[in-house]
Structure formats: C-alpha cells, structure tokens
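In what follows, a single structure is set out as structure tokens and then discussed.
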Amino acid sequence: MSDTVPEPAAAPREQEHDPSAPAPLLVPRTPTGDAEVDAHLDRLADADHLATDGHLEVYEDVHRGLRDALTALDARPGPPVPPSTYGTRS
C-alpha cells in the first residue's frame, strides 16, 4: 500500500474571453402581441452572434419586414364612413 495521497482533479479551465469575438448585445425585446412584428424583432437576436460588419444585413432585413407590416396596415380597409347627417341641397 502506498502512502501517497492522490492529487485533486484539476479544476476545469474557464474559457478565455476573446475581446474581438462577437458578444451578445442583450437588448431587451418586449413582445408586441402581433406575431409578425414579434418575429421580426426576434430576428434582431441574430446580430448577437455576428461580428459588427454582419449587423447591417440583419438590421436591414428587420427594418424591411417592419416597414412591410406597417404598409399592410395601410392597405386594410378601415371602418365604413358614417352617412352624412346633412341632407342633400339643390
């Protein structure tokens, strides 16, 4: 039998932080309740995994989607116009 004490297992090394690696922006996104708009806003999280030069493509895509969603609101027919309370005059 040996009198040597086993060495404790080495602690796992923490990953070194690379300051040039993409870092999540962690910008909070509050759901709007509109599934289409929320999907576009969720797309912003894709920028968290890209280098800065890749952000523009994501931002332009989200902007285009939000603009299309707003344009679609303008294309919907609004409520009917109430009839005039004034009689026709000749």
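Quick notes
- Pair Leu26, Arg76: separation of 7 Å Cα→Cβ label points (nm): 3.7 nm
- Spacing of the two label points (7 Å from each Cα toward its C-beta) at Asp42 and Asp68, in nm: 1.7 nm
- With a Förster radius of 22 Å applied to the beta-carbon distance between Glu57 and Glu16, the computed FRET efficiency rounds to 0.15.
Read the figures in this text as sums done on the coordinates, not as results from a lab. This structure is a prediction, so every number in the text was calculated from the model and none was measured. Heads up, the Cβs are rebuilt from the backbone with ideal geometry, glycines too, and the neighbour counts pull from every protein chain shown.
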